[in-house]
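*Asks:* The structure follows.
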Amino acid sequence: MPIPTHTYQEAGTYVVSFLSALQDVCVAVLPIQVEVAAFPDPSVQLQDISCYGAKDGRIRLTPRGGSDLQYQWEHGPQTSMITGLDAGEYAVRATNSFGCSVELDSLAIVEPLALSLRTGEIMESFCSEPNGSASVIVTGGTLPYRYEWNDPLQQSDSLGQNLVGGLYQV
């Protein structure tokens, strides 16, 4: 006699009844409670590296559906959050209390390009009046950029205006 099987589509608790009949004379029904566990499906929160060269990437896993999960990262830790990460890909195995597990790989932490600053357009001042201007062009790094000019107006944009002749730092 083949063994009957059934696949449940949703996690939950089900009552399964077994019917046993011995030559149509004796019939017994035995209800058994079966718990079907949800497959591990943690939510993933990635925090990329804030600045070129920093090692402050982070990955945090949070179980969904209220189940506790055990974590095993490919490089050793057994916690739900790893910090101080370099750029690269990370993998973790999440296992629930029923022994069901899922492998999450290709969790990518990205590092921004190195910050680069170069001089843009310069308009010289005339007659020692504050009518000159200069601009800087920034690439790489992490937006938004913050500018600080060492001019009397302490300007905070990529374009310094109303400048007199001189040397400025941004």
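The values are calculated or read from the model by the stated rules, or taken from the named source; none is laboratory data. Because the structure is predicted, anything quoted here is derived from the model rather than measured. With ideal geometry, Cβ positions are generated from the backbone for all residues, glycine too; neighbour counts draw on all protein chains shown. With ligands, DNA and RNA removed, areas are computed over all heavy atoms of the protein, side chains included. Shrake-Rupley method; radii C 1.70, N 1.55, O 1.52, S 1.80 Å.
*Asks:* Quick one: in region 124-139, of everything that is of a type in the set (A, V, I, L, M, F, W, C) and open to solvent by 50 Å² or more (accessible area, probe 1.4 Å), which residue is modelled with the highest pLDDT?
*Replies:* Among those that are of a type in the set (A, V, I, L, M, F, W, C) and open to solvent by 50 Å² or more (accessible area, probe 1.4 Å), it is I137.
*Asks:* Can you say whether E121 is open to solvent by 40 Å² or more (accessible area, probe 1.4 Å), closer than 18 Å to T62 by Cβ and assigned to a strand (DSSP E or B), as far as the supplied structure shows?
*Replies:* On the way: open to solvent by 40 Å² or more (accessible area, probe 1.4 Å): yes; closer than 18 Å to T62 by Cβ: no; assigned to a strand (DSSP E or B): yes.
In short, no.
Residue by residue, here is whether (1) in contact with a Phe, Trp or Tyr (Cβ under 6 Å, 6 or more places away or on another chain); (2) at pLDDT below 95; (3) aromatic (F, W, Y) holds:
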position: G57; (1), (2), (3): no, no, no
position: P63; (1), (2), (3): no, yes, no
position: S67; (1), (2), (3): no, yes, no
position: T83; (1), (2), (3): no, no, no
position: V92; (1), (2), (3): yes, no, no
position: T95; (1), (2), (3): no, yes, no
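*Asks:* If I ask for residues that are within 16 Å of G132 (Cβ to Cβ) and in contact (Cβ under 8 Å) with a residue 12 or more places away in the chain, which ones from region 142-159 would you list? Please lay out each step first, then the result.
*Replies:* Let us first name the residues in region 142-159 that are within 16 Å of G132 (Cβ to Cβ), namely 149-153, 155, 157-159.
Of everything in region 142-159, those that are within 16 Å of G132 (Cβ to Cβ) and in contact (Cβ under 8 Å) with a residue 12 or more places away in the chain turn out to be W149, N150, D151, S158, L159.
*Asks:* Given the conditions (1) closer than 23 Å to F39 by Cα; (2) among the polar types (S, T, N, Q); (3) in contact with an Asp or Glu (Cβ under 9 Å, 6 or more places away or on another chain), and given that S101 satisfies all but one, which numbered condition is not satisfied?
*Replies:* Unmet condition: (3).
*Asks:* What about T142, is it modelled with pLDDT of 95 or more and not aliphatic (A, V, I, L, M)? First the steps, then the outcome.
*Replies:* Numbers: modelled with pLDDT of 95 or more: no; not aliphatic (A, V, I, L, M): yes.
Judged against the criteria, T142 is not a match.
*Asks:* Need the failing condition index for D24 against (1) of a type in the set (D, E); (2) surrounded by 10 or more Cβ atoms within 10 Å (Cβ to Cβ); (3) modelled with pLDDT under 95, just the number.
*Replies:* Failing condition for D24: (2).
*Asks:* Scan region 86-136 for residues that are more than 35 Å from the chain's Cα centre (by Cα) and without any contact (Cβ under 8 Å) to a residue 12 or more places away in the chain and jot them down.
*Replies:* Correct list: M123, F126, C127.
*Asks:* If I ask for residues that are acidic (D, E) and open to solvent by 40 Å² or more (accessible area, probe 1.4 Å), which ones from region 140-155 would you list? Outline the logic, then answer.
*Replies:* Filtering region 140-155 down to residues acidic (D, E) leaves 148, 151.
Residue satisfying the conditions is E148 alone.
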